[in-house]
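Sending over a structure as structure tokens; questions will come in a sec.
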Amino acid sequence: MAQATLTNGRGQRITLDGTTVDQLRAKLRGSLLQPDDPGYDEARTIWNAMIDRRPAIIVRCVGVADVVQAVNFAREHDLLVAVRGGGHNIAGNAVCDGGLMIDLSAMKSVRVDPVARRAFVEPGATLGDMDRETQAFGLATPLGINSTTGVAGLTLGGGFGWLSRKHGMTVDNLVSADVVTADGKLVRANEKENAELFWGIRGGGGNLGIVTMFEFQLHPVGPEVFSGLIVYPLDQAKTVLTRYAEFVKGMSDDLCVWVVMRKAPPLPFLPQEVHGKEVVVLAACHAGDPGEGQRAVAPLLSFGKPVGQHLGVQPYTAWQSAFDPLLTPGARNYWKSHNLTNLTGAAIDAVVQQLTSLPSPQCEIFFGLIGGKASRIPRDATAYAHRDTLFAMNIHGRWEQASEDERGIAWTRHAFQSMTPYATGGVYVNFMTQEETDRVGAAYGPSYERLRGLKRRYDPTNLFRLNQNIAPA
């Protein structure tokens, strides 16, 4: 019986005796970890190595009952609470110092109903987990671009990826959800049951409860798609980006093309002399017939003179994990992000200038293209409200050593400031760091006040505060 000294919701230190802790442990089907227990350090380690926090207690849930027990325990003892799904979020809100961490990463079940085209997904599942199950039936739903990303966090913030132009945001494909609210109750939320809560979890960023099951609408995709990369040198960036900005205006919803700007990694299809040089990469995926995809992508090759290309038909699951080698866990990551409705000549000049001073070979700036169907859904249909966003721009600072922090953070912030005049003022909530509390209103946009009212209704004491937090109205 080991007592625990914890941080409460007001930042004060409290001590719980060993009996109290053991009573919680006895109620769990999963496990309870304290700092001296085997597996503790592994459980508190998440994707972004800049996050190094030590919870006093980690509850590793294996089912809904465990989640309910953990939420009730946290509420009854007024504890600081962190909720971990995939552990991929840049802000690191999955882990807290001194509080209770509710770890959902073992809840990874994905069940597919191929007839109804539905997937039932637990909150610990990653994109890779879900894609492998759904693609067994030639089905998919819009998710992100890195297979190790958690489905839960991605969805709660809105979610977008290669299929969003054709099928909308991830939240536009959420049919229902099971939610454990701050009072420890499990409720079903959909368009008919708890409809206002359902509206709020579709973009509210985990403020309103813990989702223990997501039900998604699936769509026929693949299982093979035409996709790949076209790489241009930096000295062609102005021309390539100008032609790209014009091209996307008339592009089919089947096609999605992102721009990634960085130093070229040693990809086998690139000449050795290009490795380590600044490049502009067009990353394309066509969600329809592969033959049509080849024809749709062909104009991208005429934007300049590529130094390399790797295009062809491949499994959708392979394309979904194509960027994994550049996004492995264990590096230090610091991001700043903007929403843009277009790419003007001045914006292109500004972003190209930032590529001349990359502080690390792993740093990059990308434009994630959205638009298409995602932009045609009414702004107030979900809590995710940034339907005018054509490009979600992310300035992705990434390096290996803490000694590089100062330089890398300075570059990321400078690049962010240089692009501010060309942005909408909105921001994709999943791309925000923990320090950006001044941008919370911008993240939720026109939905913010309605979300504050929901927060007051479902979490009046702000138990779920480790997120891009919405204070109860």
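At q = 0.09, 0.12, 0.13, 0.15 Å⁻¹, what log₁₀ I(q)/I(0) does a Debye calculation on the Cα points of the range 224-437 give, no solvent, two decimals?
Treating every Cα as an identical point scatterer, log10 I(q)/I(0) equals -0.35, -0.64, -0.76, -1.03.
Taking a quarter of the surface of the convex hull around the Cα atoms of the range 372-473, what do you get in nm²? Working shown, then result.
Values: hull surface 32.6 nm².
Value for the range 372-473: 8.2 nm².
For the range 292-394, just list the percent of Cα-Cα distances falling in each 5 Å bin from zero outward, please.
2, 8, 12, 17, 20, 21, 14, 5, 1
By per-residue mean of other Cβ atoms within 10 Å, what is the highest-first order of 423-429, 185-191? Could you put the intermediate results ahead of the total?
Values: 423-429: 21.0, 185-191: 15.6.
Peptide ranking by packing, descending: 423-429, 185-191.
Sticking with this one: Using the alpha-carbon atoms, what tilt in degrees (0 to 90, nearest 10) does helix 448-458 show relative to the longest principal axis of the chain?
Helix 448-458 sits roughly 30 degrees off the main axis of the chain.
Sticking with this structure for a sec: Give the Rg/Rh ratio for the range 12-101, taking Rg as the radius of gyration of the Cα atoms and Rh as the Kirkwood radius, to two decimals.
Values: Rg = 12.5 Å, Rh = 13.3 Å.
That ratio is 0.94, to two decimals.
Still on this structure, please answer the following. Each label point is 7 Å from the Cα along the Cα-to-Cβ direction; what then is the distance between the points at GLU449 and ASP41, in nm?
5.1 nm
Please list, in order along the range 164-174, the HN-Hα scalar couplings obtained from phi with the Karplus expression 6.51 cos²θ - 1.76 cosθ + 1.60 (θ = phi - 60°), rounded to whole Hz, x for Gly and Pro.
Per-residue couplings from phi come out as 5, 5, 8, 10, x, 5, 4, 5, 6, 10, 7 Hz.
To the nearest 0.05, how large is the calculated FRET efficiency for ARG111 and ASP183 if R₀ is 41 Å and r is the Cβ-Cβ distance?
0.90
Tell me which aspartates and glutamates have Cα within less than 17 Å of LYS277's Cα, excluding those fewer than 8 residues away on the same chain?
ASP235, GLU364
What's the percent breakdown of Cα-Cα distances in the range 98-249 across 10 Å bins, shortest bin first?
Per 10 Å bin, starting at zero, the Cα-Cα P(r) for the range 98-249 comes out as 10, 37, 28, 15, 8, 1 percent.
Now for a separate question. Just to confirm the filter: which GluC sites (Glu not before Pro) across the range 193-293 are DSSP coil and have at most 15 other Cβ within 10 angstrom of their Cβ?
For GluC sites (Glu not before Pro) across the range 193-293 that sit outside H, G, I, E and B with at most 15 neighbouring Cβ atoms in 10 Å, the list reads GLU193.
Could you go through the range 408-418 in sequence order and give the Karplus-derived ³J(HN,Hα) for each residue, using 6.51 cos²θ - 1.76 cosθ + 1.60 with θ = phi - 60°, rounded to whole Hz, and x for Gly and Pro?
Once rounded to whole Hz, the list reads x, 5, 4, 5, 4, 5, 5, 4, 4, 4, 5.
Can you pull the one-decimal nm distance between simple spin-label points at SER252 and HIS414, each 7 Å off the Cα toward Cβ?
According to this spin-label approximation, the distance is 4.3 nm.
Which of LYS336/LYS373; LYS192/LYS455; LYS166/LYS455; LYS185/LYS336; LYS249/LYS305; LYS305/LYS373 have a Cα-Cα distance over 28 Å? Walk me through the numbers before you get to the answer.
Values: LYS336/LYS373 26 Å; LYS192/LYS455 20 Å; LYS166/LYS455 32 Å; LYS185/LYS336 36 Å; LYS249/LYS305 22 Å; LYS305/LYS373 32 Å.
The pairs that break the limit, which is 28 Å between Cα atoms, are LYS166/LYS455; LYS185/LYS336; LYS305/LYS373.
A follow-up question, please. Could you give the length gained on full extension between ARG54 and THR437, defined as 0.36 nm per residue of separation minus the Cα-Cα distance, in nm?
Gain on extension, ARG54 to THR437, equals 135.7 nm.
For LEU79, which sequence-distant residues (separation of 5 or more, or a different chain) have an amide H within less than 5 Å of its own amide H, given hydrogens modelled in the peptide plane?
Counting only residues 5 or more places away or on other chains, the set is GLY9.
Calculate how steeply helix 237-247 sits against the longest principal axis of the alpha-carbon atoms of the chain, using the helix alpha-carbon long axis, and give the answer as 0 to 90 degrees to the nearest 10.
The answer is roughly 80 degrees.
Could you give me the ³J(HN,Hα) list for the range 38-55, computed from phi with Karplus coefficients 6.51, -1.76, 1.60 and θ = phi - 60°, whole Hz, x at Gly and Pro?
x, x, 4, 5, 5, 5, 8, 8, 10, 4, 8, 5, 6, 9, 9, 10, 10, x
Within the range 4-103, what percent of beta bridges assigned by DSSP are antiparallel, to the nearest 5?
DSSP beta bridges in the range 4-103 are roughly 50 percent antiparallel.
So how tilted is helix 64-76 from the main axis of the chain? Cα-based, degrees 0 to 90, rounded to 10.
70 degrees
Under the rule of -39500 (n - 2.57) per DSSP H run of 4 or more residues, summed and divided by the residues of the chain, what mean residue ellipticity at 222 nm is obtained, to the nearest 500 deg cm²/dmol? Before the final figure, lay out each step's value.
Details: 15 runs with 123 residues, N = 473.
Helix contribution divided over all residues of the chain: -7000 deg cm²/dmol.
Any idea what the relative contact order of the range 1-152 is, in percent, if you count C-alpha pairs under 8 Å spaced at least 6 apart?
20 percent
In whole percent, what relative contact order does the chain give with Cα contacts below 8 Å and a gap of six or more residues?
16 percent
The numbers here are math on the coordinates, done by the rules we state, and not lab data. Not measured: the values here are computed from a predicted model. Backbone-built Cβ (ideal geometry, glycine too); neighbour counts: all protein chains shown.
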